[in-house]
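Written out below as structure tokens is the structure these notes cover.
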């Protein structure tokens, strides 16, 4: 039977009508489905919250509530070479197709029919994004059909850049890593802007089979997949063929690194303060933060396992924090690392002395070259002694502050008044914490009060600025109050001039900073604060539980950390504030007669009438539990013992055994022979004795 031309034409017309009708029906069905079942684009995936530094560099990221690392990223934040490789490998016609690449689908279908298995996929990046937005366990024609529909829907709603951004954020890279930024940080330790060719190729290959190609678990499979990406990119002309061999020689890293967790105390604080905010910016500088944390870790390794450390670096120009270390390791339980010791209130020891001298300069009581007595003195029953229990006699005020002598500082505090010192600290925004039910007395000059490292650094920032303290802050744009006066410009200049001449710790090169140390009673806190014309750095060392650390001093524990930090930070040295009008360096002979020598009649009269007292052991205190440290060779670390009052020379006994010959020094060392209860006894020149019982326990 033959068809007449008229019949054939009629049949073709019916077929065309049927085809167009079916196509119209499909299009209508698509638009109906699109209107009633839009893609889940409004349900934005939860992103990891980020804490970044002043330049936007990542300091700390927090995993999502599902425990995933998923960081915000845009195509502009990704290396262009990676994007070129991605398009060439996954979706060559990405920029032109409507979400579905029919040529790629037909090619994949033909290969499947011819080989009985999938040779290459036909999914576009948009289709892969659809699968990420609506994960389906089964791989079927129905699932593939839904991906096609969703891809078309997505392309109607988003631009190509937006689609690419969602893919870069959601693509899986093994384990709990999602998105190229998290993967780049975990596998290479850097953001995806600076990827090498080999690194970019590996990140292109991973999302296709993230678990089987994980470089930390299956480096062989990862390398094979990476090299396939390189070869295909060369075939597409994206890279030169010579680069394939060079990049393929690069080994695949077999380790997965932790994401940045810098400034953990401060990062958690700002994240908790605004829990709904996805990104928190701080004034910190990532490089400076990394350096301070490294210095803290290295320094803490030489201290006892229960000894912590805190450090703060600030810009004195505006009070912005540049780095902050709350502990050497946030996860170190022995050191109570989760406690932010920059905010803990502790005894400052001698660290407040510069402000006593500054007030004395303001009042015209003394000048730096005024002579002052450093002799045993009685201030209405309060009898301070120097740390080494020795006295210098008559010294200049400059020398007294540089040597951190106690008696001269108390002479000057009595002259200016403790209440005035406290009022000045309150005015500067750093109020001191007084012991309960105790009035402000002279003991505050030697650490008989509490202050945090943060407040102490703020006070010293005032010295560095020439007298006015800025409010320390860690959030850019945070509302700041006016500058708060600590000392007058002339007084601040004199204090800085003196502290800049303090001897450098043994073993360190001289650097152009002014600094002061402090040690609290009972070897509980060691401090050092130093500054130049632009930066101030504070260091605290001690135990978070306020336990004593035998031999811990600001000079031997905190000052070396201060100098090591300044040397490693690489900060450009800034000159101190220039001398303000009226600030002059005068010799003693150039001073008025009334300022050539400081007279303290009250203390001297009391000293002359004070009777000689029996000796008293002041360290270790009675009933103390003392942990025995060990030296590098495993032997027991000697303990320092101190005596006040009494008449030298002294003889020390431990459990009845004589420790050494008589000595006029008020400090001695004792090397215990065991643990448990021990009795220490000291006998002075006229036979008066004092004893304390202590309990010795082995160190950790």
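Here, each number is a calculation from the coordinates, and none is a lab measurement. Remember, it's a predicted structure, so these values are computed and weren't measured experimentally. Glycine gets a Cβ as well: all are built from the backbone with ideal geometry, and neighbour counts include every protein chain shown.
The table below gives the values:
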read-out	value
Surface/4 of the Cα convex hull for the stretch 616-698, nm²	5.1
Relative contact order (percent, whole number), the stretch 67-248, Cα cutoff 8 Å, 6+ residue spacing	26
Nearest-ten-degree value, helix 219-235 long axis tilted from longest Cα axis of the chain	60
Efficiency of FRET from Cβ geometry, residue 333 and residue 76, R₀ 41 Å, rounded to 0.05	0.45
Degrees separating the helix 160-170 axis from the principal Cα axis of the chain, which is the longest one	60
At 0.692 mPa s and 37 °C, Stokes D of the stretch 67-248 from Kirkwood alpha-carbon radius, µm² per second	196
Relative packing of peptides 341-354, 455-468, 149-162 - highest average C-beta neighbours within 10 Å first	455-468, 341-354, 149-162
Cα gyration tensor category, rounded, prolate or oblate, for the stretch 287-361 with a/c compared to 1.5	oblate
Per-q log10 I(q)/I(0), the stretch 411-511, q = 0.13, 0.18, 0.23 Å⁻¹ (Debye; single scatterer per alpha-carbon; no solvent)	-0.57, -0.99, -1.28
By average C-beta atoms within 10 angstrom, highest first, the peptides 180-188, 534-542, 587-595	534-542, 180-188, 587-595
In Å, descending, principal axis extents of the Cα set of the chain	143, 61, 51
Euclidean distance of C-alpha centroids, the stretch 278-337 and the stretch 394-439, integer Å	29
FRET efficiency, residue 689 to residue 55 (Cβ-Cβ, R0 60 Å, nearest 0.05)	0.40
Ranking of 308, 320 by count of other Cβ atoms within 10 Å, fewest first	320, 308
Span per principal axis, largest first, for the Cα atoms of the stretch 349-601 (Å)	51, 46, 40
The stretch 652-700 and the stretch 236-274: distance between their alpha carbon centers, rounded to Å	58
